[in-house]
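Notes follow once the structure below has been shown.
The values are calculated or read from the model by the stated rules, or taken from the named source; none is laboratory data. The structure displayed is predicted, hence computed values, not measured ones. All Cβ positions, even for glycine, are placed from backbone atoms using ideal geometry, and neighbour counts span all protein chains on display.
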Amino acid sequence: MRESAPDFWVKHDPDMNCEDETLQAIYRYWDEKRAGRRFPARADLDPADLVPYLGNISMIDVEYDPFRLRYRLVGTRITTMMRRDATGHYYDELYPPELMESIYDIYHWMIENGRPMRTFGEPVFADLSHYLHEAINLPLSDDGKTINKFMGALALHPKVRATP
């Protein structure tokens, strides 16, 4: 099992040094709900506790045979930022093949290592190139062993232009 994070198309931070305050709060909530376990279960999360952040959150189902990821739920801030609602769609229905390998590598790394991941950098989508993104993906497990969902969260921030 590889302990160091692989080199992806975005910068990665398995140490979860979130800069965005919303992502920090969501990560702290997830960490608290672990209650000494590797992962919380989806049932441990109460949407009422996350009301200020729900628009930034997505829930992702993990299927293993074959491996696929599906957006179970995508928050309204994310759908507004991305200009689409991906709820109910599989990743391979939304993202081009040249990105799928890197995306799956990130999720495989989290599953193999049993750890969350923070990604950040410039979005790969041309129409969002004036933003910087920061995202977290937090593993969930109904049985305490197998990761069967991720709680994701996304923040986009306008790039600061240097003044001449």
- Give me a count of the residues in region 39-64 that are assigned to a loop (DSSP other than H, G, I, E, B) and either loosely packed, with under 11 Cβ neighbours inside 10 Å or at pLDDT below 95 (or both). 1
- Query: Would you pick out the residues in region 70-91 that are closer than 19 Å to K149 by Cα and either crowded, with 17+ Cβ neighbours inside 10 Å or basic (K, R) (or both)?
  - Reply: R70, Y71, R72, L73, V74, G75, I78, A86, Y91
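Looking only at residues that are acidic (D, E) and farther than 17 Å from R37 by Cα in region 107-131, which one is modelled with the lowest pLDDT? Spell out the reasoning first.
In the first step, residues of region 107-131 are kept if they are acidic (D, E); the result is 112, 122, 127.
Still in the running and farther than 17 Å from R37 by Cα: 122, 127.
Values: E122: 71, D127: 60.
Ranking the qualifying residues of region 107-131, first place goes to D127.
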- Message: I'd like to check something: does region 132-145 contain any residue that is surrounded by 19 or more Cβ atoms within 10 Å (Cβ to Cβ), modelled with pLDDT of 90 or more and β-branched (V, I, T)?
- Response: yes
